[in-house]
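Visitor: This is the structure I want to talk about, given as C-alpha cells.
What follows draws every value from the coordinates through simple rules; no lab data is involved. This one's a predicted model, so the numbers in the text were calculated from it and none came from an experiment. Neighbour counts run over all protein chains shown; Cβ positions are idealised from the backbone, glycine included.
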Amino acid sequence: MSSVLINRVIQTTLIDTWRGLADTAPGLSLIAFGQVETLIPCWEERDSNRGANLWKKPASCGQIEYPAPMRDTDKSILITGCSSGIGLCVATGLQQRGYRVFASARKTEDVETLRNLGLQTVQLDLTDSDSIDRAVANVLEKTQGRLFGLFNNGAYGLPGAVEDISRDAMRELFETNLFGWHELTNKVIPLMRNQGAGRIIQNSSVLGLTTLPFRGAYAASKYALEGLTDTLRLELFGSGIHVSLIEPGPIHSQFRANAHRMWKRHVDAEQSFFREHYAAMVQRLEKTGPGNRFTLPPEAVLKRVVHALEHPRPKPRYYVTFPTYLLGTLRRLLPTSTMDKILLKISDGGGR
Ligand SMILES: NC(=O)c1ccc[n+]([C@@H]2O[C@H](COP(=O)([O-])OP(=O)(O)OC[C@H]3O[C@@H](n4cnc5c(N)ncnc54)[C@H](OP(=O)(O)O)[C@@H]3O)[C@@H](O)[C@H]2O)c1
C-alpha cells in the first residue's frame with residue numbers, strides 16, 4: 001500500500017473519531033486538517049434536559065443554528081413516522097425553519113395531535129399501499145404536484161435471536177422498514193425527476209453498517225436499505241435528485257419502548273435457547289431515559305437532515321453519535337473476526 005493511501009486511512013480514522021468525540025463532548029468546535037466544523041448546537045438544551053423525554057417536547061426541537069434560515073416556502077417535505085422521536089423532532093424543527101412540512105403518522109389520533117401542533121398532516125401507514133397512495137395524492141394536491149424532500153423515517157426494531165424470529169415477524173418488519181419506504185420513494189421519484197431537483201433522506205442506523213447479537217431482523221432491514229439506497233444514488237446521478245443516508249447510533253425516542261412491544265408480540269422467550277439472555281435484554285428495554293452515555297437527543301439527527309436538504313452537495317452518509325463514528329470506522333479497517341470480538345464484547349455477549 002502506498003504511503004499516500006496509508007496517510008489517507010489514518011486521516012479518515014482520526015477525522016471520524018474526532019467527529020464522534022465531538023458528538024459526545026458538548027460545546028466543542030473541531031479543527032481537523034484545516035476543516036472547521038461547528039458541532040451539535042443543542043448542547044445546552046440537551047444537557048439541561050438530560051434524562052427528560054425530549055420526544056414529548058416538540059416545541060423544544062429545532063433550536064439549531066445555521067447561517068441562513070430557509071426562506072423559500074416552496075420547499076415542501078414529506079416525513080414518515082412523526083408520532084414520536086426523530087420524526088416528530090425533524091417535522092417541528094423543519095417547520096420552524098420555514099419548510100412546508102407534511103408530517104405523517106399511521107394512527108388517526110397521532111395525525112390529530114400533529115395537526116394540533118400546527119403541522120400539515122397526512123395519514124400514512126407504510127404497510128398499506130393504499131394509504132401510501134392516498135398520502136402522496138393528498139400532499140401533491142396541496143403543493144400543485146411538487147415535492148422538494150422526502151424523509152423516510154418510520155420504522156421499528158424487533159430484538160431477538162435470529163433463530164427466534166419467525167418468517168411472519170420478519171416479513172412484517174420488512175413491510176414497514178423497507179418495502180413501504182421503497183414504494184413511497186418510487187411514488188415521488190418521477191415528480192422529482194420532472195422538477196429536476198429533490199432530496200431523498202433515508203434514516204438508516206449504525207446497525208445498517210455493522211450489527212450486534214439479537215438485532216438480526218432490524219439490522220437486516222437496515223442493511224437492505226443501505227444496498228437499495230446506494231443503488232438509487234447511482235441511478236439518480238445527474239438527475240438533480242440527491243439521496244442521503246443518516247446513520248444514527250442511540251437517539252432518545254420511543255424506539256426502545258416500541259421494540260420491547262414488538263419483542264413481546266413475536267418472541268417466545270420461554271421456549272428459547274436464549275431465555276436467560278432475554279432477561280438481561282428486557283431490563284435494558286424497560287429502562288427509561290437515555291439508553292447509554294452516548295445517547296443524543298433527536299436534534300442531532302435534525303442537524304444532519306438540514307444539511308442534507310440545504311447543502312448544494314449533500315453527503316451520501318451522515319454519521320450521528322460516537323458509536324456510529326467508532327464502529328463505522330473500525331469496520332472499514334479491521335478483519336471481520338476481530339470486529340466480531342469487539343461486537344461481542346460491547347454487547348456483553350448479547351445481553352446489552
Ligand atoms: N432511536 C434510535 O436509537 C435510532 C437509532 C438508529 C436509527 N433509528 C431510526 O430512526 C427512525 C425513527 O425512530 P425513532 O428512534 O424516532 O423511534 P420511535 O420514537 O419509535 O419512532 C418510530 C416512528 O415510526 C413509526 N412507524 C412504525 N411503524 C409504522 C408504519 N407501519 N407506518 C408508518 N409509521 C410507522 C412510529 O409510529 P407509531 O407510533 O404508530 O408506532 C413512530 O412514529 C427509524 O427509522 C429508526 O430505525 C433510531
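Visitor: Would segment 186-293 count as rounded, prolate or oblate if I go by the C-alpha gyration tensor, calling it rounded below 1.5 in a/c and otherwise prolate when a/b exceeds b/c, oblate otherwise?
Guide: It is prolate, given that a/c is not under 1.5 and a/b is the larger ratio.
Visitor: Looking at this model, which pairs from 222/315; 75/142; 142/187; 142/222; 264/287; 75/107 are more than 21 angstrom apart at the alpha-carbon?
Guide: 142/222; 75/107
Visitor: Cα atoms only, segment 71-179: Rg and Dmax in Å?
Guide: For segment 71-179, the Cα radius of gyration and maximum Cα-Cα distance read 15.1, 51 Å.
Visitor: Something else about it: For segment 40-350, what number results from the quotient of the Cα radius of gyration and 2.2 N^0.38 Å?
Guide: So segment 40-350 has a normalised radius of gyration of 0.97.
Visitor: For a quick check: sort 332, 256, 265 by the number of other beta carbons within 10 angstrom, fewest at the front.
Guide: 265, 332, 256
Visitor: Continuing with this model, one more query. What is the log10 of I(q)/I(0) for segment 232-301, computed with the Debye formula using one identical point scatterer on each Cα and no solvent, at q = 0.15, 0.23, 0.27 Å⁻¹?
Guide: -0.68, -1.00, -1.18
Visitor: Expressed as cubic angstrom per residue, what is the convex hull volume of the alpha carbon set of segment 181-249?
Guide: Spread over its residues, the Cα hull of segment 181-249 gives 69 Å³ apiece.
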